[in-house]
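Data block below; observations after.
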């Protein structure tokens, strides 16, 4: 959440290279896929992701804050019988629980990628897994 909120609205189109995604593209991808994977695991089916039509960083952050806790609670309440079945994900068939691992790894990758954009684009790097130069760890 903090990495998405740290993207400067006025510079959200910044990207380090013409081939790379912009900060906005990464932020929306990160938010929508976090929510999408949890919802898909809960539903045992993958549909299309959505960000609820957000067009600003504030709207995206608000959408993410509204969606993520309920999706996470639903998955945390699931039993093994719901997580064990093989589920199709674009012709890749894995146990449903494996998509939670995929979600975590995918999110860590893109969160780190987006965090590395923040300083060059004029933002501040929040504390993610510990302190940062911009937000030191507080005991």
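Any read-out appearing in this document is the output of simple, stated calculations on the displayed coordinates, not a laboratory observation. From a predicted model like this one, the values you see are computed outputs, not experimental measurements. Reconstructed Cβ throughout: ideal geometry from the backbone, glycine too, with neighbour counts over all protein chains shown.
At-a-glance table
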quantity	calculated
Output for region 112-124, where each listed residue is under 12 Å from residue 5 (Cβ atoms) and outside any helix (DSSP H, G or I)	123, 124
Breaking point among (1) in contact with a helix residue (DSSP H, G or I) (Cβ under 7 Å, 6 or more places away or on another chain); (2) more than 15 Å from residue 8 (Cα to Cα); (3) buried (at least 16 other Cβ atoms within 10 Å of the Cβ), for residue 72	(3)
Candidates 80, 107, 122, 130 - the one that is in contact with a helix residue (DSSP H, G or I) (Cβ under 6 Å, 6 or more places away or on another chain) and over 19 Å from residue 9 (Cα atoms)	107
Test result for residue 128, more than 20 Å from residue 23 (Cβ to Cβ) and surrounded by 13 or more Cβ atoms within 10 Å (Cβ to Cβ)	no
